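The values are calculated or read from the model by the stated rules, or taken from the named source; none is laboratory data. This structure is a prediction, so every number in the text was calculated from the model and none was measured. Counting neighbours? That spans all protein chains shown, and the Cβs are built from the backbone with ideal geometry, glycine included. Ligands, DNA and RNA are stripped out before the accessible areas are found, and what is left, the full protein with its side chains, is counted by its heavy atoms. Shrake-Rupley method; radii C 1.70, N 1.55, O 1.52, S 1.80 Å.
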Amino acid sequence: MEIRRFIREHKPLWSELDELLSRFEKRRRTIEAAHIDRLTQLYKTVSAHLAYAQTYYPGDEITKLLNQTVARTHHILHAEQWKTSHPIGEFFKRHFPTYLLEHKYAILLALLLFTVGGLAGFLAVWTDPLHLYALVPAQMADQIDPHAVGSNHDQLMNATFSTTIMTNNIRVAILAFASGITFGLLTVYILIQNGLLIGALAAVFWQSGKSYVFWAYILPHGIIELLAIFIAGGAGLYMGYRMINPGNYTRKYRFLQSVKQSALLLVGTIPLFVIAGIIEGYITPSALSLEAKYAVAAATLVALVLYIGYGRMNERRARQRAAAV
């Protein structure tokens with residue numbers, strides 16, 4: 001069966017299942033026995049469609065979308081998700097890690113763009129320190145003093161400082177996500193611009209022989225914070241990509257689907273920013289030794305790796321169960 005015909009014939013069932021899943025997940029309307037029966041029927045039918053797509057269209061986007069739909073249905077049917085009193089916990093436990101893996105290339109592209117900006121910023125300031133004023137706002141550049149880092153702990157260690165940082169970073173993430181509407185062009189600019197800023201600052205501290213101190217104050221919160229920005233940026237890039245390349249779907253349908261998926265990625269970054277803001281407000285400026293701060297950074301990295309690894313394990317189990325249907 002030709003793929004366009006395959007999609008055209010079965011899309012009504014997929015749309016019905018997606019709407020029914022939303023009913024269970026959001027629990028905004030009453031769940032009846034008939035809904036559960038219909039969900040079970042659609043699960044079996046769409047699982048067969050997934051098996052067909054995996055055989056004949058293994059590299060197509062439709063296969064990934066069907067796999068995601070079948071996995072969502074499986075979680076509801078077998079874990080009785082509609083009975084849980086913690087749907088948010090289920091989202092971060094089961095769904096968000098899967099979304100990260102499904103959009104890993106967009107997230108890695110965001111990381112690459114940020115890295116390119118970081119290297120450019122570092123090289124620009126390393127070759128000529130005056131370039132700092134071209135890359136960093138003049139008011140900020142005038143206040144940079146590598147030898148003052150680590151002083152005035154008590155002035156920084158407060159909840160207001162943490163909240164301000166967290167709010168600003170969430171704003172950047174939302175902007176990077178929303179900029180996907182510009183076909184991802186503004187998202188590219190935001191990622192590179194933020195990379196330029198970090199790279200320029202790193203060069204200033206490098207030239208002052210304070211790199212070890214600089215990264216000790218950046219990495220404890222920076223690993224989580226930057227990952228959240230990469231996720232939000234990847235969401236914006238994915239949205240922009242699907243606006244340009246809708247694949248075998250109509251441009252409107254693909255756009256709406258990409259907005260939904262990207263929004264879920266953005267929602268998942270909120271706890272990351274909260275954690276990063278707390279670390280940046282209380283641990284980063286504290287009197288802890290530099291080694292202790294590096295230890296905190298390492299702990300956050302390990303925690304993130306384990307979380308994503310857990311998501312990969314769940315994804316594999318869902319695929320195996322879907323294939324066994």
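Selection of region 136-150 for residues being modelled with pLDDT of 75 or more and surrounded by 14 or more Cβ atoms within 10 Å (Cβ to Cβ) yields VAL136, ALA141, ILE144, PRO146. The single condition among (1) touching a residue at least 12 places away in the same chain (Cβ under 8 Å); (2) in contact with a helix residue (DSSP H, G or I) (Cβ under 6 Å, 6 or more places away or on another chain) that TYR307 does not meet is (2). Within region 260-288, the set of residues being over 24 Å from PHE92 (Cβ atoms) and open to solvent by 60 Å² or more (accessible area, probe 1.4 Å) comprises ALA287, LEU288.
This table checks each residue for (1) open to solvent by 80 Å² or more (accessible area, probe 1.4 Å); (2) within 15 Å of the chain's Cα centre (by Cα); (3) closer than 30 Å to LEU66 by Cβ; (4) aromatic (Phe, Trp, Tyr).
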position: THR98; (1), (2), (3), (4): no, yes, yes, no
position: LEU101; (1), (2), (3), (4): no, yes, yes, no
position: LEU108; (1), (2), (3), (4): yes, yes, yes, no
position: LEU111; (1), (2), (3), (4): no, yes, yes, no
position: VAL116; (1), (2), (3), (4): no, no, no, no
position: ASP128; (1), (2), (3), (4): no, no, no, no
position: ALA134; (1), (2), (3), (4): yes, no, no, no
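Restricting attention to region 1-39 and to residues that are among the β-branched types (Val, Ile, Thr) and not in a helix (DSSP H, G or I), the residue that is modelled with the lowest pLDDT turns out to be THR30. Determine, yes or no, whether ARG251 is touching a helix residue (DSSP H, G or I) at 6+ places or on another chain (Cβ under 9 Å), surrounded by 22 or more Cβ atoms within 10 Å (Cβ to Cβ), free of Cβ contacts under 8 Å to residues at least 60 places away in the same chain and of a type in the set (Lys, Arg). No: the conditions fail for ARG251.
For TRP206, the conditions (1) more than 18 Å from the chain's Cα centre (by Cα); (2) open to solvent by less than 40 Å² (accessible area, probe 1.4 Å); (3) touching a residue at least 24 places away in the same chain (Cβ under 8 Å) are fulfilled apart from (2). Looking at ALA53, ALA79, just one residue is among the small types (Gly, Ala, Ser) and modelled with pLDDT under 85, and that residue is ALA79.
When region 179-194 is filtered for residues that are at positive phi and either outside any loop (DSSP other than H, G, I, E, B) or buried (at least 22 other Cβ atoms within 10 Å of the Cβ) (or both), only GLY184 remains. Does PHE205 qualify as being touching a Phe, Trp or Tyr at 6+ places or on another chain (Cβ under 7 Å), assigned to a helix (DSSP H, G or I) and of a type in the set (Phe, Trp, Tyr)? It is true that PHE205 is touching a Phe, Trp or Tyr at 6+ places or on another chain (Cβ under 7 Å), assigned to a helix (DSSP H, G or I) and of a type in the set (Phe, Trp, Tyr).
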